[in-house]
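Single-structure report; data block below.
The values are calculated or read from the model by the stated rules, or taken from the named source; none is laboratory data. Everything quoted here is computed from the prediction, not taken from an experiment. Quick reminder, even Gly has a Cβ in these numbers, built from the backbone with ideal geometry, and neighbours come from all protein chains shown.
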Amino acid sequence: MHLIVIIAFAALLWFNSGAPMNKLGLSPGVSVVIVFGEIVLLAAAAMWTSHRTLKTLAKDPSDPDDAQHEHHYYGMILQLVMAGVFVANLILTDWPGVVRGLFGKGPTFGLVDLLVLSPFIITMIVIWIVQYPVDRAIREVALNPRLSQGHSVHPVWSLRQYLSFNVRYQLLTIAVPMTLIIVGDDIIDHYRRPLREATGGLVWASDALMGILVCAVFLVAPVMLRFIWDTEPLPAGELRSNLERIARKTKVKYREILLWHSRGMVVNAAVMGIIPPVRYVLISDGLLESLNDKHIEAVFGHEAGHINSWHIPFFIVFATLTMLIAGGLVEVLRWVARHFAFAWLSFDYIQIIVGLAVVGIWGVAFGWLSYYFEHQADMAGADSITPGPEQCSKPCLMHSEGGPVGSRVLCATAADEFAMALKRVAALNGIPVDEKGWRHPSIRDRVKLLSDMSQDPSAGQRFMALIQTVKGVLIVGTLIGLATGAWLYWDFLLPASWFG
Ligand SMILES: [Zn+2]
Ligand SMILES: [Zn+2]
């Protein structure tokens, strides 16, 4: 879901900056009818899929797996269609023109962009409302075995609670930081000329300011999320001291360990923030209630692994490299258009082509990178719960006589325990073990790699070599990109007026 919201905002920044494209040459009236007609159509599609999933669930209410699969699958398709439709509106219709026509010239502080985006947001909320009965039905079925085992459970959420959670977590998580960026972009764009004059002709003054804004928003985003989500510092107690001990052991620094209230609906943990003063480790109430302390420590160790392996900074390197590639691609296509006199290859089309390429890079390469990082964090998680030799109860290469075999081998007991924690978290979240996400490998694959690493001394080494190569390629690629950019734009970098 977050990806879809990111795509929508990115498309807004990318396609809604110049004059309205309206590639189909539609009239304002037709454009408005199309945009609002799409909301109705998507709502109808969601009703149909919900109906089908409820029927699947009714077939065998004791086994919600099929219905759950279907619910996820349809949800994903609906989201992709929703994003595609929104991007199509930006490019093909006069919808952006209609909205802009409502305002005069001058900065609107992002208001035009947000209004252009509004049909997307309305559709998303309508689809949530339509899907609520399915979500509720599946959760109720999933609760039964827990109730019969005598676990205390939260009642399944009401429509209001469900909507509030989705709006906060799925939408505002991305929308609040992105809105700040869009508003900033609007203001900076309006003062492009004065900025250039004030800096003695610096062409990239406004871009630099934009870069600073994006970095600043990114840095303080965890503080925003802390309040957008319903959180409080994890109360003192045995668990907290255990987690603090692991953090000290793994040298992880953070601002606070937060308990995230989700009425037990989320069984998850996360770390957010690049630098310790604004870095939070989040543990959801669902995780706290349904996992034993050992498993919570395993999950915490996994999050600590993300921090210690510098995963967030590497995601930023990845984003920078993608931007450089996009910029390079724009230059190449402009050159091709000029050189071969391709009149049809206008700047609009170049933007569309490069936009698609960027979506492809993020969709595929960012997913891969995240897969590797998840596996690496899993290794750290298993490491964090590695017992002493006496407590290791399995045939284990690490605790075998004569010391560990291989430099990157996992304890078999710890790998097994961590796999159990993973499976439990997945089951509680209603995620099938073989379901892959954009950013998460399937539980089956994660468990398999851990088990390989505990049984084959070379598996861990091979994996670490792969990770190091990927990280190296990212850094070298980014440096080459930056150097090429500086070389291409050398003449523009410093204005002549600076040298009298
Ligand atoms: Zn992770
Ligand atoms: Zn062991």
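Say whether the condition of being surrounded by fewer than 17 Cβ atoms within 10 Å (Cβ to Cβ), under 28 Å from Asn429 (Cα atoms) and among the acidic types (Asp, Glu) is met by at least one residue in region 69-76.
Within region 69-76 (the criterion being surrounded by fewer than 17 Cβ atoms within 10 Å (Cβ to Cβ), under 28 Å from Asn429 (Cα atoms) and among the acidic types (Asp, Glu)), the answer is no, since none of the residues qualifies.
Hey, can you tell me all the residues within region 364-394 that are without any contact (Cβ under 8 Å) to a residue 60 or more places away in the chain and away from ligand 1 (no atom under 15 Å from the Cβ)?
Of all residues in region 364-394, those without any contact (Cβ under 8 Å) to a residue 60 or more places away in the chain come to 364-365, 368, 386-394.
Across region 364-394, the qualifying residues are Val364, Ala365, Thr386, Pro387, Gly388, Pro389, Glu390, Gln391, Cys392, Ser393, Lys394.
Identify all residues within region 395-420 that are closer than 20 Å to Thr250 by Cα and within 16 Å of ligand 1 (Cβ to nearest atom); write none if there are none.
Correct list: Phe418 only.
Yes or no: region 234-242 includes at least one residue that is surrounded by 14 or more Cβ atoms within 10 Å (Cβ to Cβ), more than 16 Å from ligand 2 (Cβ to nearest atom) and hydroxyl-bearing (Ser, Thr, Tyr).
Step one: list which residues in region 234-242 are surrounded by 14 or more Cβ atoms within 10 Å (Cβ to Cβ), which gives 234, 239-240, 242.
Next cut, more than 16 Å from ligand 2 (Cβ to nearest atom) only: 234, 239-240, 242.
Filter once more, keeping what is hydroxyl-bearing (Ser, Thr, Tyr): none.
No, that holds for no residue.
Only one of (1) away from ligand 2 (no atom under 12 Å from the Cβ); (2) of a type outside the set (A, V, I, L, M); (3) more than 18 Å from His306 (Cβ to Cβ) fails for Phe373. Which number is that?
(3)
Can you name the number of the only condition in (1) at positive phi; (2) within 16 Å of ligand 1 (Cβ to nearest atom) that Gly430 fails?
For Gly430, the exception is condition (2).
So which helices (runs of 4 or more DSSP H) are wholly in region 223-334 and hold at least 3 residues that are within 14 Å of ligand 1 (Cβ to nearest atom) and under 30 Å from Val473 (Cα atoms)? Walk me through it before giving the result.
Working: elements: 238-249, 285-290, 293-308.
Here the list reads 293-308.
Between Glu390, Glu331, which is away from ligand 2 (no atom under 14 Å from the Cβ) and either at pLDDT below 90 or more than 28 Å from the chain's Cα centre (by Cα) (or both)?
On the way: Glu390 fails: away from ligand 2 (no atom under 14 Å from the Cβ).
Result of the check over Glu390, Glu331: Glu331.
Count, please, the residues in region 441-500 that happen to be over 30 Å from His302 (Cα atoms), touching a helix residue (DSSP H, G or I) at 6+ places or on another chain (Cβ under 9 Å) and not polar (S, T, N, Q).
Adding up the residues that qualify gives 8.
Out of the residues in region 301-353 that are farther than 30 Å from Pro387 by Cβ and among the hydroxyl-bearing types (Ser, Thr, Tyr), which is surrounded by the most Cβ atoms within 10 Å (Cβ to Cβ)?
Thr322
Report those helices (runs of 4 or more DSSP H) wholly inside region 357-461 carrying at least 3 residues which are within 27 Å of Gly84 (Cβ to Cβ). If you could, list the steps in order and put the result at the bottom.
Details: elements: 367-384, 412-428, 443-455.
Those helices (runs of 4 or more DSSP H) span 367-384.
Just need a number here: residues in region 58-71 that are touching an Asp or Glu at 6+ places or on another chain (Cβ under 8 Å) and in contact (Cβ under 8 Å) with a residue 24 or more places away in the chain.
2
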